[in-house]
Amino acid sequence: MDNEAFDCQSCKESLYGKKYTVKDDNPYCVKCFETLFANICEGCKKPIECDAKDLSYKDSHWHEACFKCAKCTCSLVEKPFAAKDELLLCIDCYSNEYSSKCFNCKATIMPGSRKMEYKGCNWHETCFVCQSCQQPLGSKPFMPKQSSLYCVQCFENQFASHCKSCKKAITKSGISFQDQPWHSECFVCSNCKKMLAGQEFTAKDEDPYCLECFGNLYAKKCTACAKPITGQGGGKYISFEDHHWHTDCFTCSKCTTSLAGQKFLQMDNGILCLECGHDL
């Protein structure tokens, strides 16, 4: 090498007896290296010298002395930190300024720790528990009540209505009959067990019945057509002595003229209007 030139790759000055560095197998004097290749410090905006420690984070670089919290200026070297809007902050400053507060204990949820979120609020994982039994909710189903959360079992025990028929909690939509809650599938005819939700029905002695069963079991029978006299509100009918008629069935047995509100004669074979009765 004594007979060969040992010059800076850029300025061509001799490097004998001088500090130099190598990049891509080529030697450079310190000045040229820093001018051509040194990273610019994000803190002081000066080149990071080749003999200085270069600290980097996400394609940015700092002198060791410049690697500080943007708020309190404490050193971040070998300490945990967080980034916000391209600024580096120590964990304490980041937590005070930006970290979520636990809805339950009100303490800061530290960066990197696991948190639970629900409707814009945050909890420590260990604080996200049932208000009643204090068991962790984690990813289990839960029910909200005002500002508290409950596991399904505790919610049902404390707040849910219970079906009059099966006595189990009603967690979805149900129906109300005589101020009592029912599951839709439990609200059935007391006789034939047909579901009554969304259907016309009536009741006797606080028990619900479909119209057909109620008519067959309890309704008066029409003297004319022998069918039950029923319907919403009990059905309209006409009674005379121990006989009953649908209003539409209360007609002259001979000429079929309606006798509703009219005088009539009762015969062994039915009822007659006065005109037909006089012809006999």
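Each reported figure results from applying straightforward, stated rules to the coordinates on display, with no laboratory input. Computed from a prediction, not measured in an experiment: that's the story for all the values here. Cβ placement follows ideal geometry from the backbone for every residue including glycine, while neighbour counts extend to all protein chains displayed.
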How compact is the range 148-280 by the rule of thumb for globular proteins, expressed as Cα Rg over 2.2 N^0.38 Å?
1.65
Burial ordering of D248, D51, fewest other beta-carbon atoms within 10 Å first
D51, D248
Thinking of the chain as a set of Cα atoms, what percent of all their pairs are more than 24 Å apart?
76
What list do you get for S190, S173 if you sort them by fewest beta carbons within 10 Å?
S173, S190
Return, for the Cα atoms of the range 236-278, the radius of gyration and Dmax in Å, separated by a comma.
9.5, 29
Value of Rg/Rh across the range 1-138 [Cα atoms, Kirkwood radius]
1.30
Sort largest first and round to whole Å: the equivalent ellipsoid semi-axes of the range 162-216, each the square root of five times a Cα gyration tensor eigenvalue.
20, 10, 9
Where a Cα-Cα gap under 27 Å defines reach, which lysines qualify for K167, not counting those fewer than 8 residues away within the same chain?
K140, K145, K193, K194, K204
Log entry: pair-distance distribution for the range 19-70, C-alpha pairs binned every 10 Å from zero, whole % per bin is 26, 49, 22, 3
For the chain, whose charge dipole is built from +1 on Lys and Arg Cβ atoms and -1 on Asp and Glu Cβ atoms, the candidate among Y57, P80, N26 with its Cα farthest towards the positive end is P80
